[in-house]
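Notes follow the structure.
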Amino acid sequence: MSKSFLFTCSQRKLTVGQNYRIFNNLRYLDQREKCSLKIDRVDGNELKDLISLVSKPVRYLGREINSVGKVPSGVRLKFCLAFPDVYEVGMSHLGLQILYHILNSKEGVACERVFAPWIDMEKILREKDIPLSSLESSLPLGQFDILGFSLQYELCYTNVLNMLDLSRIPLFSKDRDERFPLVIAGGPAAFNPEPVAEIFDAIVIGDGEEVVLEICDLTLRWKESQGKKGDLLTALARLDGVYVPALHQGGAVRKRIVPDLNRVPFPTCPIVPYMKVVHDRLNVEIARGCKRGCRFCEAGFIYRPYRERDPEVIRELLNASLKRTGYEEISLLSLSAGDYSSIGPLLSSLMDRLESKRVAVSFPSLRIESIVGQLAGEVKRVRKTGFTIAPEAATERLRKVINKELDEAILFEGLRELFAMGWKNLKLYFMIGLPTEKEEDLKGIIDLSRRILSLGERQRIYPQINVSVSTFVPKPHTPFQWERQLSLEEIKERHAYLKENLRRKNVRFKWQDPHLSLLEGAFSMGDRNLSGVLAEAHRLGCRFDGWSDQFREDLWKRSFEKAGLERSSYTRQKTLEETLPWSFIETGIGADFLWKEYRKGLNEEVSPSCTAGDCRLCGLCDGEKIGVREGPRAEPEPSKKTERKAIRKKDLGKKFRLTFVKQGEIRFVSHLELAHLFYRSAKRAGVPLRYSEGFHPMPRIIFEKALPVGVESLREILDMELEGRISPMELAERLNQTLPEGIKIVEAKEVLFPFPSHSSPLRSVYRISLDDLLSTEEAQSKLKKAREQEELFILQERKGKKRRIDLLPLIERAELTGKKKESGGRAGLAMELVLRSSGGKTAKPLEAVEALLGLRTEALARCRIVKLE
């Protein structure tokens, strides 16, 4: 059959997409048969043995605090949330946490997670023929019922294909029958689904909290009926807010809207990663949507109407979540947090509750008028978390074009207050390439940045100003969707101008690679013809296109050329009469309104913000179910900060020395990650930590020595200083209840102040298992040869710098050990290694094993190292 299939294909000219689908079909012909075998789990031990070979093993551990593992016998539907970027990016996304919580709260449904493996992990998966699997249970993705991708950014599309490919799942919907998972997607990029329409079985448009459960219910009924895939797709197409590309015949697909945020679940026990993620804090969404109507902003239009979460609900969510996570910082999320109707009283009441607990508050971005007065003063009560201000345009004329009003008098009044309170770090965001942009607008960026710097210098603050410039990308469902994007040459010219003129002490200029901006523009504005380009780019090796160090412009250029497409055809100027690829997606805001807004922008006319009540400006609100919803006004509470400071001053504090073990998979958590882990475990346990003084107070937790990543230990020591009365036994018990599996306090004792200094051990004893890696004879021979040398030089890398050192003076003892089996023969071959410090130099145990026994890469990764003392 395959020969006939190949012959038929060779008789006609095929598009890039068709060729790739044929390649895909052949690749997966036997995969459907393999599906019937139902391989339940990837060999977790094999993969865990190999993750020490990758740059950040902790990305692939799972089992974080508050992650969910359900008993398989009670699971009727397996759902995997797939984020097409690395773990630390995906775990910063609030939407993933919300859906994870909702799905795992549903009886019979188990929701797990998977993230795009980094380049080094992908290499291992392919070389070892290990399918991509979930974090929670190591289940291969092909064995889930539903695989749901989050599309946050157009430049993640090749990662979607790569994750499917690594899972041995055909890349295109037409090639997957009922034996494969239902592959769905959602997120802001889904509002133009056409470039990826042929990949997904169904695409959710709009808010996902309610529709995701409806999809689960339909899939469960279909699964029990043992129907065909077409039956499921037909049922899904009937759901509001669900687009099924294979069945779509031209009708409108209206976005799904959650009218009241207070009526949908929100997680109070979000997963706490072991590693430091991009937004490493507790995130709470205080409002969805935006009132302002900035004409370039897709989020501001697709997330309409503006809806607030009630202040009391927010306080309850934060209180419950902090107890279960131990975060030291919270972020109040909204497209414009300063527009929240009760932001002042809410922030004041939160700080009154959180100040004594040393929990800081941050905002993703603020309009400057909301900073003036109370907000900055409240935020600084715990820690100055920094401010980001996004003028977008630096001149009043261009701000009128984009409908983003900014009174510069208020701007400088707000900045004056910030600097007076001691803030030194400020981020400014601007865009280049906006409609009607002139040279004076570019000069405005330079002038405004310099004036802000001068203001700080006059106040003797000498601030650090970070000026970040992005290139305007036309986005669907916005008034500027008809606009063109700058050419490559125009972008480079503007970057060069700004780089030259922003060269100044304390001003840092950042910009995005123009090739990335242009590719984003093509896929933002793209149609189904781009599916072939996408598939070819993936085949050529494109991955992580949003990462400048991984982006391959040459491969993308070849992909467009092979498809016979020009990128500029998507980013050109458009007319009202054209049918745009996404025109069948109904956001509730008509094209007529958007066009009028576009023309008003070109004429430098400003439009009013959305208002509560009977507002019908854009046509979305119906005055009944759908409309702007502002929460009840919160009344300010009397401040309690003076009283709490007095309480802290009276407390003398206690000091404890803790001995703990670190075993199992948690050995892959780094020293810095371990410090954060203990900090948050202590906060979850309600342990009254003592903090340092100064700009950024830190808990008084000091480790004796940093343990190398991947090494277990039977005896690690840390010192912890506390406020209040607590016994050593109670401290150990409370911490052990909140520490993750693999870490346990085995001894706690109170010590005198100041802390007795650590002995700063000059030697460490390790046991290194060598089972199945070397025979006893081979190991003895290599060890003897190494001992006989006068020098044994190795190349070390420390803090990004390389140095060559002699290893032999750092080895006190190295000898092979083992014990007899009862039936005879040698088993459990190991090496006992004693390393010491000499002349300020140390060696890691793996460095010594590699040099002494000649083990490399995979064999080295399989060595199990335990620090004995």
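The values are calculated or read from the model by the stated rules, or taken from the named source; none is laboratory data. Note that the structure is predicted; figures quoted are calculated from it, not measured. Positions of Cβ are backbone-derived with ideal geometry, glycine not excepted, and every protein chain shown enters the neighbour counts. Keep in mind that these areas ignore ligands, DNA and RNA; they rest on the heavy atoms of the full protein, side chains included. Shrake-Rupley method; radii C 1.70, N 1.55, O 1.52, S 1.80 Å.
Being open to solvent by less than 20 Å² (accessible area, probe 1.4 Å), over 24 Å from V242 (Cα atoms), touching a Pro at 6+ places or on another chain (Cβ under 7 Å) and outside any loop (DSSP other than H, G, I, E, B) is a condition met by at least one residue of segment 583-598.
Is at least one residue of segment 389-411 under 17 Å from C297 (Cβ atoms), touching a Phe, Trp or Tyr at 6+ places or on another chain (Cβ under 6 Å) and among the β-branched types (V, I, T)? Scanning segment 389-411, I find at least one residue that is under 17 Å from C297 (Cβ atoms), touching a Phe, Trp or Tyr at 6+ places or on another chain (Cβ under 6 Å) and among the β-branched types (V, I, T), so the answer is yes. Looking only at segment 334-354, how many residues end up being surrounded by fewer than 18 Cβ atoms within 10 Å (Cβ to Cβ) and under 17 Å from L282 (Cα atoms)? Counting residues in segment 334-354 that are surrounded by fewer than 18 Cβ atoms within 10 Å (Cβ to Cβ) and under 17 Å from L282 (Cα atoms) gives 1. Applying the criterion of being at pLDDT 85 or above and of a type in the set (K, R) to the residues of segment 370-423, the residue that is nearest to V359 (Cα to Cα) is R416.
Here segment 614-631 is the region considered, the condition is being touching a Pro at 6+ places or on another chain (Cβ under 8 Å), in contact (Cβ under 8 Å) with a residue 40 or more places away in the chain and part of a loop (DSSP other than H, G, I, E, B), and the residue that is surrounded by the fewest Cβ atoms within 10 Å (Cβ to Cβ) is K625. Answer with yes or no whether C542 is among the hydrophobic types (A, V, I, L, M, F, W, C) and more than 27 Å from L434 (Cα to Cα). So C542 passes the test. Is segment 202-223 home to any residue that is touching a Phe, Trp or Tyr at 6+ places or on another chain (Cβ under 7 Å) and open to solvent by 30 Å² or more (accessible area, probe 1.4 Å)? The answer is no; no qualifying residue exists. Annotation note: of E721, E733, E693, the sole residue that is in a helix (DSSP H, G or I) and either acidic (D, E) or touching a His at 6+ places or on another chain (Cβ under 9 Å) (or both) is E733. Inside segment 318-330, residues that are of a type outside the set (V, I, T), out of contact with any helix residue (DSSP H, G or I) (no Cβ under 6 Å at 6 or more places or on another chain), under 19 Å from H101 (Cα atoms) and surrounded by 19 or more Cβ atoms within 10 Å (Cβ to Cβ) make up a count of 4. If you go through segment 702-724 and keep only what is farther than 16 Å from S670 by Cα and open to solvent by less than 30 Å² (accessible area, probe 1.4 Å), you end up with D719, M720, E721, L722, G724. Reported count of residues in segment 847-862, each being over 31 Å from the mean Cα position of the chain (by Cα), touching a residue at least 40 places away in the same chain (Cβ under 8 Å) and either open to solvent by 40 Å² or more (accessible area, probe 1.4 Å) or within 26 Å of V661 (Cα to Cα) (or both), is 5. Residue count for segment 310-355 under the criterion of being in a helix (DSSP H, G or I), touching a residue at least 40 places away in the same chain (Cβ under 8 Å), within 19 Å of I271 (Cβ to Cβ) and not polar (S, T, N, Q): the result is 5. When residues in segment 442-468 are screened for being assigned to a helix (DSSP H, G or I), open to solvent by less than 30 Å² (accessible area, probe 1.4 Å), in contact with a helix residue (DSSP H, G or I) (Cβ under 9 Å, 6 or more places away or on another chain) and closer than 16 Å to E500 by Cα, 5 of them pass. Of all residues in segment 400-438, those satisfying the criterion of being of a type in the set (A, V, I, L, M), touching a residue at least 24 places away in the same chain (Cβ under 8 Å) and open to solvent by 10 Å² or more (accessible area, probe 1.4 Å) are L406, I410, A420, M421, M431. Entry remark, segment 87-113: residues being aliphatic (A, V, I, L, M) and open to solvent by 20 Å² or more (accessible area, probe 1.4 Å) number 3 in total.
Looking at P84, P57, just one residue is open to solvent by less than 30 Å² (accessible area, probe 1.4 Å), in contact (Cβ under 8 Å) with a residue 60 or more places away in the chain, farther than 25 Å from I215 by Cβ and not basic (K, R), and that residue is P57. Out of the residues in segment 61-91 meeting the condition of being modelled with pLDDT of 95 or more and hydroxyl-bearing (S, T, Y), tell me which one is farthest from L125 (Cα to Cα). Step by step, filter segment 61-91, then rank; the result is S67.
Condition check: surrounded by 15 or more Cβ atoms within 10 Å (Cβ to Cβ) and part of a helix (DSSP H, G or I). Does A185 satisfy that? When the stated conditions are applied, A185 does not pass them.
Candidates are the residues of segment 819-832 that are surrounded by fewer than 16 Cβ atoms within 10 Å (Cβ to Cβ) and touching a strand residue (DSSP E or B) at 6+ places or on another chain (Cβ under 9 Å); the one that is modelled with the highest pLDDT is E832.
Looking at segment 477-556, the helices (runs of 4 or more DSSP H) lying wholly inside it that each contain 1 or more residues that are open to solvent by 40 Å² or more (accessible area, probe 1.4 Å), among the aromatic types (F, W, Y) and in contact (Cβ under 8 Å) with a residue 24 or more places away in the chain sit at 488-501. Pull up segment 668-678, narrow it to residues that are part of a helix (DSSP H, G or I) and open to solvent by less than 20 Å² (accessible area, probe 1.4 Å), then point me to the one that is farthest from N319 (Cα to Cα). Out of the qualifying residues, it is F668. Looking across segment 766-784, the residues that are buried (at least 17 other Cβ atoms within 10 Å of the Cβ) and of a type outside the set (A, V, I, L, M, F, W, C) come down to Y766, R767. K174 fulfils the conditions (1) surrounded by fewer than 21 Cβ atoms within 10 Å (Cβ to Cβ); (2) of a type outside the set (D, E); (3) on the phi < 0 side of the Ramachandran plot; (4) assigned to a loop (DSSP other than H, G, I, E, B) except for a single criterion, (4).
Remark: pairs (first residue in segment 443-457, under 8 Å from A394 (Cα atoms) and in contact (Cβ under 8 Å) with a residue 12 or more places away in the chain; second residue part of a helix (DSSP H, G or I) and open to solvent by less than 10 Å² (accessible area, probe 1.4 Å); Cβ separation under 8 Å; 6+ apart in sequence or on different chains) = G444/L398; I445/L498. Under the condition of being farther than 14 Å from L808 by Cβ, free of Cβ contacts under 8 Å to residues at least 60 places away in the same chain and crowded, with 18+ Cβ neighbours inside 10 Å, the residues counted in segment 837-846 number 0. Working only within segment 267-294, note down all residues that are open to solvent by less than 20 Å² (accessible area, probe 1.4 Å), within 18 Å of E312 (Cα to Cα) and in a loop (DSSP other than H, G, I, E, B). Listed by number, the residues that qualify are P267, I286.
Within segment 424-441, the residues that satisfy the criterion of being modelled with pLDDT under 95 and either in a loop (DSSP other than H, G, I, E, B) or among the hydrophobic types (A, V, I, L, M, F, W, C) (or both) are K424, L426, L428.
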